[in-house]
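Structure first, then comments.
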Amino acid sequence: MAAVSIHHEVEAIHHEAGAVDPGWVRRIEATSGEPVRLCFGCGVCSGSCPLASAMDLLPGRVLRAIQLGLRDRVLQAVTPWVCIGCETCAVRCPNGIDVARVMDAVRQEVLALERPVPMPGVYRFHRWFLRTVWLLGRAHEAALSAGYALQQGRLRRDLPTGLRLMRRRRLALWPHAVRRRGEVRRLFGAGIREHER
Ligand code: SF4
Ligand code: SF4
């Protein structure tokens with residue numbers, strides 16, 4: 001895949017309106033543990049991302065916007081919620097920046113500031129995933145799918161597909177037992193807030 005032109009990215013970012021917060025990049029670096037200021041905007045991450053077509057800001061532009069302190073623009077972007085953390089960008093970045101961790105930091109900030117989540121369905125899916133791991137000690141696809149479909153009001157629509165997958169043994173009805181479930185819960189620690197369970 002071709003790298004996206006840096007000139008195009010920078011030009012597009014400079015057309016974005018919004019307040020500038022010059023110290024934001026340091027805070028995102030602290031939260032993510034990633035050296036965002038090292039990014040020189042080559043666009044390799046953007047050109048490598050399998051979900052770029054679903055994003056409103058390409059990954060490289062997110063990094064650039066953070067450097068420029070365009071906090072509101074990034075917090076409103078769907079990109080961090082579209083990112084699936086596949087790490088394709090991380091393995092190809094010439095500066096070794098783990099962009100997925102930067103996306104995590106942006107999502108955390110949206111939640112910490114109680115800003116509107118640009119893709120509420122994705123956030124609900126994250127929460128259901130964590131809830132099933134907290135309850136069962138591991139991910140369980142049937143519980144995750146059923147809970148999410150119920151919450152989205154589409155259980156009736158999705159049920160036939162789920163039953164078909166079960167008949168073909170692609171979806172297990174019962175989760176495998178997890179020993180020491182309490183230890184898994186302890187791993188969550190303070191990292192999962194009460195309202196997310
Ligand atoms: S994060 Fe890495 S790959 Fe992406 S634009 Fe910056 S330097 Fe290039
Ligand atoms: S980790 Fe996110 S931004 Fe990076 S390539 Fe995967 S989906 Fe794209």
Practice task
With the convex hull built on the Cα atoms of region 6-112, state its orientation-averaged projected area in nm².
Solution key: 5.8 nm²
Handout entry: R0 of 41 Å, Cβ-Cβ distance Arg185-Cys86: FRET efficiency to nearest 0.05
Key = 0.90
Problem - Cα-only radius of gyration and Dmax that characterise region 120-196, units Å - result: 13.6, 39
Handout entry: Across the chain: Cys residues that no other cysteine approaches within a C-beta distance under 4.7 Å
Key = Cys39, Cys42, Cys49, Cys83, Cys86, Cys93
Problem - Stretch in the chain that is longest and holds no GluC sites (Glu not before Pro) that DSSP places in a loop and that have at most 13 other beta carbons within 10 Å - result: 1-86
Practice task
Would you work out if region 54-103 is rounded, prolate or oblate? Take a ≥ b ≥ c from the square roots of the eigenvalues of the alpha-carbon gyration tensor; rounded if a/c is under 1.5, else prolate when a/b is larger than b/c, oblate otherwise.
Solution key: oblate
Exercise for the section: Considering only Val99, Val62, Val91, give the residue with the highest GNM mean-square fluctuation for the chain, with springs between Cα atoms whenever their separation is below 10 Å. Expected result: Val91
Problem - Convex hull volume of the chain per residue (C-alpha atoms, cubic angstrom) - result: 150 Å³
Exercise for the section: Using only Cα atoms, locate the centre of region 71-86 and the centre of region 103-164, then give the distance between them in Å, rounded to an integer. Expected result: 17 Å
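Readers should treat all values here as calculations from the given coordinates under stated rules, not as data from a laboratory. Predicted model, so just to flag it, every value in this text is computed and none were measured. When we count neighbours, we look across all protein chains shown, and the Cβ atoms used for this are built from the backbone with ideal geometry, even at glycine.
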